[in-house]
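Visitor: Below is a structure I'd like to ask you about.
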Amino acid sequence: MEKERFKPITVRKTVIILGLIVGSLDILAAIIDYSLSTHKNPVVIFKFIASGIIGQSAFTGGTGIVLLGLLFHYIITFLFTTFFAWLYIKINLSTKNRLLTGILYGVFIWFVMSQIVLPLSATPKLSFHYLKALKAMLILICMIGLPLAFLTGKFIKKV
């Protein structure tokens, strides 16, 4: 059986378009969740993200730090989108159960971020709460995993 080939330009476009979509969905969900649960200014979300690289001083920074946090957020989102596109091509995810794929990818992202990236970063260490973890997992499933699972095939074109 001949291996399927995909147009490189459509793979790049897919990563850019879907990275922007899921990155925006994810950060919007984080802003809404934070605002509703704390009634505080969600700008601290971006400072928290920036603190992963620059440490505690991010929390006293201004607009530049907020923009840096936004940039880091999208870089991370593009990395996960790129990895999903690679998996899509390598293991032919187009023929797999999209709902299950989206759920599993959202859980995968949660695991990588909460168990590997955050502990290795300079962000303040957070205590683990099952309900908060479940909520974070659901946000990642709904805002990144499922959109990637259902939309990737719409953008990537075969040669």
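The values are calculated or read from the model by the stated rules, or taken from the named source; none is laboratory data. Bear in mind that the values here come from a model prediction, so they are computed numbers and not experimental data. Counting neighbours? That spans all protein chains shown, and the Cβs are built from the backbone with ideal geometry, glycine included. Accessible surface is based on the protein model in full, side chains and every heavy atom, while ligands, DNA and RNA are left aside. Shrake-Rupley method; radii C 1.70, N 1.55, O 1.52, S 1.80 Å.
Visitor: Relative to the longest principal axis of the C-alpha atoms of the chain, give the angle of the C-alpha long axis of helix 146-155, reported between 0 and 90° and rounded to the nearest 10°.
Guide: 40
Visitor: Ok, one more. Tell me, rounded to the nearest percent, the portion of alpha carbon pairs in region 67-126 spaced more than 14 Å apart. Don't skip to the end; give the middle numbers.
Guide: Details: 1174 of 1770 pairs.
Result for the distance tail: 66 percent.
Visitor: Let me ask another. THR82: net charge of surrounding residues, Cβ under 13 Å, Lys/Arg +1, Asp/Glu -1, itself excluded? Provide the component values of the computation, followed by the final result.
Guide: On the way: positive: ARG12, LYS13, LYS90; negative: none.
Charge balance near THR82 sits at +3.
Visitor: Choose one of SER35, SER114, PHE83: the residue whose Cα lies farthest towards the positive end of the charge dipole of region 1-136 (beta-carbon charges +1 Lys, Arg; -1 Asp, Glu; about the Cα centre).
Guide: After comparing all options, I get PHE83.
Visitor: Further, regarding this structure: Calculate the FRET efficiency for GLN56 and GLN115 from the Cβ-Cβ distance with a Förster distance of 22 Å, rounded to the nearest 0.05.
Guide: Numbers: r = 22 Å, r/R0 = 0.99.
Result of the calculation: an efficiency of 0.50.
Visitor: What is the magnitude of the charge dipole of the chain about its Cα centre, with +1 placed on the Cβ of each Lys and Arg, -1 on the Cβ of each Asp and Glu, and no other charges, expressed in debye to the nearest 20?
Guide: Numbers: 16 positive and 4 negative charges, 96 e Å.
About 460 debye.
Visitor: When ligands, DNA and RNA are left out and all protein chains stay put, how many square angstrom of accessible area per residue does region 112-159 have with a 1.4 Å probe?
Guide: Values: 3060 Å² over 48 residues.
For region 112-159, the solvent-accessible area averages 64 Å² per residue.
Visitor: Another question about this same structure. Calculated from DSSP H runs of 4 or more alone, at -39500 (n - 2.57) each and per residue, what is the 222 nm mean residue ellipticity of the chain, nearest 500? Each step should come with its number before you reach the end.
Guide: Details: 6 runs with 107 residues, N = 159.
After summing the helix terms and dividing by residue count, I get -23000 deg cm²/dmol.
Visitor: So, one more: Rounded to two decimals, what is the ratio between the C-alpha radius of gyration of the chain and 2.2 N^0.38 Å? Could the numbers behind the result be given before it?
Guide: Values: Rg = 16.8 Å, N = 159, 2.2 N^0.38 = 15.1 Å.
Expressed relative to 2.2 N^0.38 Å, the Cα Rg reads 1.11.
Visitor: Cα axis of helix 63-90 to longest principal axis of the chain: angle in degrees, 0 to 90, nearest 10?
Guide: The helix 63-90 is inclined about 20 degrees to the chain.
Visitor: Starting from 0 in steps of 10 Å, tell me what percent of the Cα-Cα pairs of region 50-94 lands in each bin.
Guide: 27, 33, 20, 15, 5
Visitor: Using only C-alpha atoms and all pairs of different ones, pull out the Kirkwood radius for region 105-151 in Å with one decimal. Please report the intermediate quantities before stating the final value.
Guide: On the way: mean 1/r = 0.0891 Å⁻¹.
Answer for region 105-151: a Kirkwood hydrodynamic radius of 11.2 Å.
Visitor: Length gain on complete extension for the stretch ILE31 to ALA122, per 0.36 nm per residue less the alpha carbon to alpha carbon distance? Kindly include the intermediate steps, with their values, before the conclusion.
Guide: Values: separation 91, 0.36 × 91 = 32.76 nm, distance 2.14 nm.
My answer for the length gained is 30.6 nm.
Visitor: Which of the pairs LYS47/LYS125; LYS47/LYS135; LYS132/LYS154 have their Cα atoms more than 25 Å apart in this structure? Write out the running numbers ahead of the final one.
Guide: On the way: LYS47/LYS125 14 Å; LYS47/LYS135 21 Å; LYS132/LYS154 33 Å.
The pairs that break the limit, which is 25 Å between Cα atoms, are LYS132/LYS154.
Visitor: What do you get for trypsin sites (Lys or Arg not before Pro) in region 90-159 restricted to DSSP loop and a cutoff of at most 11 other Cβ within 10 Å of the site's Cβ?
Guide: Numbers: sites: LYS90, LYS96, ARG98, LYS125, LYS132, LYS135, LYS154, LYS157, LYS158; in loops: LYS96, LYS125, LYS157.
Taking region 90-159 and a limit of 11 other Cβ atoms within 10 Å, the loop trypsin sites (Lys or Arg not before Pro) found are LYS125.
Visitor: Give me the percent of accessible area attributable to carbon and sulfur for the chain, probe 1.4 angstrom. Display every interim value, and only then the final one.
Guide: Working: 6970 of 9610 Å².
That fraction is 73 percent.
Visitor: Now for a different question. Cα axis of helix 8-38 to longest principal axis of the chain: angle in degrees, 0 to 90, nearest 10?
Guide: With rounding to tens, the tilt is 30 degrees.
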